[in-house]
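Scroll down for the structure; my scribbles are underneath it.
The values are calculated or read from the model by the stated rules, or taken from the named source; none is laboratory data. Computed from a predicted structure; not experimentally measured. Virtual Cβ from ideal backbone geometry, glycine too; neighbours counted across all protein chains shown. Please note that ligands, DNA and RNA were not included when accessible areas were found on the heavy atoms of the full protein model with its side chains. Shrake-Rupley method; radii C 1.70, N 1.55, O 1.52, S 1.80 Å.
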Amino acid sequence: MTNQDTPAPTRLEEEGEIAADYLEELLDIADLDGDIDLGVEHGRAAVEIVSEEAPGALDRLVGEDGEVLDALQELTRLAVQARTGERSRLMLDVAGFRARQREALEKVAAEAVEHVKSSGESVALDAMNPYQRKIVHDWVAAAGLVSDSEGVEPARRVVIRPA
Amino acid sequence: MLADALEHLVRGIVDNPEDVQVTARSARRGDYLELRVNPADLGRVIGRSGRTARALRTVVGAIAEGPVRIDVVDVDRR
């Protein structure tokens, strides 16, 4: 969660290139139409598989609740690590799935923050994975309230408290 | 095609890609993919608590649009 040793942009670009090669060949073998967009966001390589075909063409690579996307991200990080010798924290997205997930989480966080502010009581959210919790924590901090996490994975959840 | 996909996914994450071999097999219990890797890469393809092996099954299963059985065998064994 800290920004220690943010890798240089060139390293992140190299991570993106390795990831793109790995994913492009997979799309080829699986006969899936998709292009790879590369970028750098929040000090990490950002890689997205996009499709100009009908919406839903890449749904298979997202899976239920992003299960396939997370698995593919894991393998892509390992592929980068195998070539660079360094752990990769690259973020993979497919057809905007994570962006939509982030919007939905921010909506949940916004509603919970409103509730905490009006009632003066803490609110516990549903269980989330670390990535989702981070999005909520960031949003709550920006709104000027305090949050922490309670419970044990996979039942760990964010609790938002009055400031 | 599934065997090719698995072979590609694994070759990208190991130290000895030339030793990766995937064979599609049929058995009474159903079709499965047999994955052979260099013994030195066994840990790589299994991962901590089987995390990498699980990721491989998830992605190959998604491409297959159904569950796929993957057996990991190291090249020393026959």
Accessible area in square angstrom per residue, the protein assembly as shown, 1.4 angstrom probe: 56
Region A:109-163: GluC sites (Glu not before Pro) in DSSP loop, at most 15 other beta carbons within 10 Å: A:E121
Within the protein assembly as shown, helix-based [θ] at 222 nm, where runs of 4 or more DSSP H residues each add -39,500 (n - 2.57), nearest 500: -14000 deg cm²/dmol
Approximate spin-label separation B:I46-A:E86, in nm, with each point projected 7 Å along Cα-to-Cβ: 3.0
Degrees between helix A:9-29 axis and first principal axis of chain A (Cα, 0 to 90, nearest 10): 70
Region B:16-78 shape via C-alpha gyration tensor axes, a/c threshold 1.5: oblate
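So if I place +1 on the C-beta of Lys and Arg and -1 on the C-beta of Asp and Glu, and nothing else carries charge, what would the dipole magnitude of the protein assembly as shown be about its Cα centre? I want it in debye, nearest 20.
About 1200 debye.
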Rounded to 10°, Cα long-axis angle of helix B:51-64 versus longest principal axis of chain B: 40
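Would you mind classifying region A:100-161 by shape? Square roots of the alpha carbon gyration tensor eigenvalues, ordered a ≥ b ≥ c; an a/c under 1.5 is rounded, otherwise it is prolate if a/b is larger than b/c and oblate if not.
oblate
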Shielding by partners, peptide B:50-63 (average Cβ within 10 angstrom, other chains): 5
Burial of 50 Å² or greater, region B:1-31 residues [accessible area, probe 1.4 Å, versus chain by itself]: B:H8, B:L9, B:I13
R0 of 41 Å, Cβ-Cβ distance A:A104-B:M1: FRET efficiency to nearest 0.05: 0.75
Candidates A:A141, A:A19, A:A57, ranked by Gaussian network fluctuation over chain A, Cα under 10 Å, top entry: A:A141
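Given the Cα-Cα distance of A:D138 and A:R11 and 0.36 nm per residue of separation, how much length would full extension add, in nm? If you can, show how the numbers build up before the last one.
On the way: separation 127, 0.36 × 127 = 45.72 nm, distance 2.60 nm.
So the chain would gain 43.1 nm between A:D138 and A:R11.
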Beta bridges by DSSP in the protein assembly as shown, antiparallel share as percent, to the nearest 5: 70
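Tally up the carbon and sulfur contribution to the accessible surface of chain B as a whole percent, 1.4 Å probe, everything protein left in place.
Looking at chain B in its full context, I get 44 percent from C and S.
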Interface size A-B, as summed buried accessible area [1.4 Å probe, Å², nearest 100]: 1600
